[in-house]
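The values are calculated or read from the model by the stated rules, or taken from the named source; none is laboratory data. These numbers were taken from a predicted model, which means no experiment stands behind them. We place every Cβ from the backbone using ideal geometry, glycine too, and count neighbours over all the protein chains shown.
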Amino acid sequence: METQLLRDPQIFPTEDVLKNALEPDAYEVFASFMNVITSAEYGLTYEWRYYNDGKSWLCKILHKKKTVMWLSVWNGFFKISFFFTEKHLEGIAALDIAENIKEDFCKAKPIGRLIPMLFNINNKKELPDVLTVAAFKKSLK
């Protein structure tokens with residue numbers, strides 16, 4: 001069952017907290033992912049913040065001031081969430097990512113004007129598609 005973690009507003013998600021929350025394999029993938037996105041190649045930054053509406057800590061991943069994606073921690077994995085508008089459908093269809101991701105995205109129920117693209121990550125095989133989408137999102141105006 002999917003259970004979102006990091007729900008205590010008093011406990012900031014430090015490295016130790018994240019290690020304890022994620023299983024060892026998932027934490028290793030998380031650490032690798034964070035190293036890649038903050039490298040010079042991607043140039044992204046991140047900030048953890050507790051959100052009262054969802055009653056949990058979320059990590060906002062940014063390029064300059066633009067939100068590229070969101071990260072949340074769940075039981076056994078971490079979730080990456082991207083949000084796009086209809087005008088980006090063609091660009092996403094052209095991306096070199098798994099077809100099932102594109103299909104799930106096309107079936108996703110919009111949240112207002114935004115269409116979510118979600119990734120549940122617990123192994124390194126899933127990272128290339130996430131990084132491809134991140135580069136695409138970063139490139140958008």
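Some notes on this structure:
- When region 92-123 is filtered for residues that are at pLDDT 95 or above and under 20 Å from G76 (Cα atoms), the ones remaining, listed by number, are M117, L118, F119, N120, I121.
- Residue check, G76 out of contact with any Leu (no Cβ under 8 Å at 6 or more places or on another chain), at pLDDT below 95 and within 21 Å of T3 (Cα to Cα): no
- In this entry, I101 is excluded by the filter for residues that are closer than 30 Å to K19 by Cβ, out of contact with any Leu (no Cβ under 7 Å at 6 or more places or on another chain) and in a loop (DSSP other than H, G, I, E, B).
- Qualifying residues in region 20-39 (those that are more than 19 Å from D129 (Cα to Cα) and either in contact with a Pro (Cβ under 6 Å, 6 or more places away or on another chain) or free of Cβ contacts under 8 Å to residues at least 24 places away in the same chain (or both)) - the one surrounded by the most Cβ atoms within 10 Å (Cβ to Cβ): N20
- Scanning region 63-80 for residues that are in a strand (DSSP E or B) and surrounded by 15 or more Cβ atoms within 10 Å (Cβ to Cβ) gives H63, V68, M69, W70, L71, S72, V73, W74, F77, F78, K79, I80.
- Taking region 1-25 as the range and being in contact with a Phe, Trp or Tyr (Cβ under 6 Å, 6 or more places away or on another chain) and more than 23 Å from L62 (Cβ to Cβ) as the test, the residues that pass are E2, K19.
- Residue selection: F12 satisfies the criterion of being loosely packed, with under 13 Cβ neighbours inside 10 Å, in contact (Cβ under 8 Å) with a residue 24 or more places away in the chain and over 15 Å from E126 (Cα atoms).
- Only listed residue being farther than 19 Å from P13 by Cβ and over 12 Å from the mean Cα position of the chain (by Cα), chosen from D53, D129, D96: D96
- Leading residue by the ranking (surrounded by the most Cβ atoms within 10 Å (Cβ to Cβ)) among those in region 40-62 that are aliphatic (A, V, I, L, M) and part of a strand (DSSP E or B): I61
- Every residue from region 95-139 that is in contact with a Pro (Cβ under 9 Å, 6 or more places away or on another chain) and either within 13 Å of V36 (Cβ to Cβ) or among the hydrophobic types (A, V, I, L, M, F, W, C) (or both): I97, F105, A108
- Scanning region 89-141 for residues that are among the aliphatic types (A, V, I, L, M), surrounded by fewer than 13 Cβ atoms within 10 Å (Cβ to Cβ) and without any contact (Cβ under 8 Å) to a residue 24 or more places away in the chain yields a total of 2.
- Per the listing L131, L89, the residue uniquely more than 22 Å from A21 (Cβ to Cβ), assigned to a helix (DSSP H, G or I) and modelled with pLDDT under 95 is L89.
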